Amino acid sequence: MTISLPSKPVQQVDQRPGYPRGEQLKRDIAVTVDGTPTDFTLTARASELAVRDTLLTVRSRLLAEGVSDETSGSVELAMAEALNNIVEHAYATGESRDIMLKVSIKPDRLCFLLCDGGAPLPGLCLPQGKLPDPSGPRDDLPEGGFGWFLIRDLAERVAYERRDGMNHLTLEFLRAAP
Amino acid sequence: MDLQSTYHNDMNIITVAEARIDAAAAIRFKDKMRDVTSQGPTHIVLDLSNVTFVDSSGLGAIVAAMKQLSGNQRLDLAGLTTDVAKVFRLTRMDTVFVIHDDIIALKARATG
């Protein structure tokens, strides 16, 4: 399967309430959604605010499909970490690029495929995701490094593949909490 | 980042008036925390009862907000909603902070 990203998603101005005044005026975001309620594709500009919109869109779709709050919360957190990794690392060089997210809501599980054209994961493999040590004096407490730990902990299955110059990250969640 | 600081006797209760402390908000949160903790009572309580989502960037910013305090100041948390409590529990950061369940009871105690 080959997936290509559209060069430029449609520009949208989001006037939903809940964003600080001013922020919504200068937003350079675009999230487009295409497909059915249970199988759809989101294309988002790789930015922190577009990540936020993507997560809100996915969460509302999960809610509409009757996915539990607990499972939806796990999905939102794991997807936030995966999407932010793309924005902050894969696309670290600055130029705003696109992320494509394919969502499939099945009766027993939720499947997400994230594709980006940014830098590959180091060593072309998933990071181990070790939990940073929360003990020790205040000045030594970790301020980061939680992302891959959370993704691996929350998702039932995580898979990574570099194909055709793109990163393909698959996350799957069981619908019923174990 | 909208943070509202109110003093209740010996506590500086800082209420986050936004729903998300995420990657898009983390730096502004940390900077605003520096402003609102630069004076007032040394016992600081961050009221997260309006916050429905914190990602690892937001978590890191809350930790950073504690680390930037002076030695005689302390930072507690209060009012963690379900998904926010989950982030702290999974990362074991719930062992780092004193977490109060009920911000209203805490205010009453501080005032009374």
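The values are calculated or read from the model by the stated rules, or taken from the named source; none is laboratory data. A quick note: this is a predicted structure, and the numbers were derived from the prediction, not measured. Neighbour counts are summed over all protein chains in view; Cβ atoms, including those assigned to glycine, are modelled from backbone coordinates with ideal geometry.
Can you run down the residue pairs with Cβ atoms below 8 Å, 6 or more apart or on separate chains, where the first is in region B:56-82 and at the interface with another protein chain (Cβ under 7 Å from one of its Cβ atoms) and on the phi < 0 side of the Ramachandran plot and the partner is assigned to a loop (DSSP other than H, G, I, E, B) and crowded, with 23+ Cβ neighbours inside 10 Å? Note: pairs meeting the criteria are B:56/A:146; B:56/B:91; B:57/B:22; B:57/B:23; B:59/A:146; B:59/B:91; B:60/A:146. Among all positions in region A:109-131, there is no residue which is loosely packed, with under 14 Cβ neighbours inside 10 Å and among the acidic types (Asp, Glu).
Each residue in region B:83-98 was checked for being in contact with a Phe, Trp or Tyr (Cβ under 8 Å, 6 or more places away or on another chain), in contact (Cβ under 8 Å) with a residue 12 or more places away in the chain and over 23 Å from residue A:68 (Cα atoms), and 1 of them qualify. Got at least one residue in region B:25-46 being among the small types (Gly, Ala, Ser), free of Cβ contacts under 8 Å to residues at least 24 places away in the same chain and away from every other protein chain (no Cβ under 12 Å)? Yes: region B:25-46 contains one or more residues that are among the small types (Gly, Ala, Ser), free of Cβ contacts under 8 Å to residues at least 24 places away in the same chain and away from every other protein chain (no Cβ under 12 Å).
Any chance you could count how many residues in region A:93-123 are under 17 Å from residue A:166 (Cα atoms) and either within 13 Å of another protein chain (Cβ to nearest Cβ) or touching a helix residue (DSSP H, G or I) at 6+ places or on another chain (Cβ under 7 Å) (or both)? Total satisfying the criteria: 7. When you look at residue A:161, is it free of Cβ contacts under 8 Å to residues at least 24 places away in the same chain, in a strand (DSSP E or B) and either farther than 24 Å from residue A:100 by Cα or of a type in the set (D, E, K, R) (or both), yes or no? Against the criterion (free of Cβ contacts under 8 Å to residues at least 24 places away in the same chain, in a strand (DSSP E or B) and either farther than 24 Å from residue A:100 by Cα or of a type in the set (D, E, K, R) (or both)), residue A:161 qualifies. Which is under 14 Å from the mean Cα position of the chain (by Cα) and modelled with pLDDT of 95 or more, of A:101, A:126? The match here is A:101.
Pairs meeting the criteria (first residue in region A:59-85 and within 11 Å of chain B (Cβ to nearest Cβ), second residue outside any loop (DSSP other than H, G, I, E, B) and among the basic types (Lys, Arg), beta carbons under 8 Å, at least 6 apart or on different chains) are A:72/A:59; A:73/B:86; A:74/B:86; A:75/A:59; A:76/A:59; A:77/B:86. Does region A:132-139 contain at least one residue that is touching a His at 6+ places or on another chain (Cβ under 9 Å) and farther than 27 Å from residue A:59 by Cβ? No: zero hits. Going through (1) of a type outside the set (Phe, Trp, Tyr); (2) in contact with a Phe, Trp or Tyr (Cβ under 7 Å, 6 or more places away or on another chain); (3) farther than 28 Å from residue A:71 by Cβ one by one, residue A:169 falls short only on (3).
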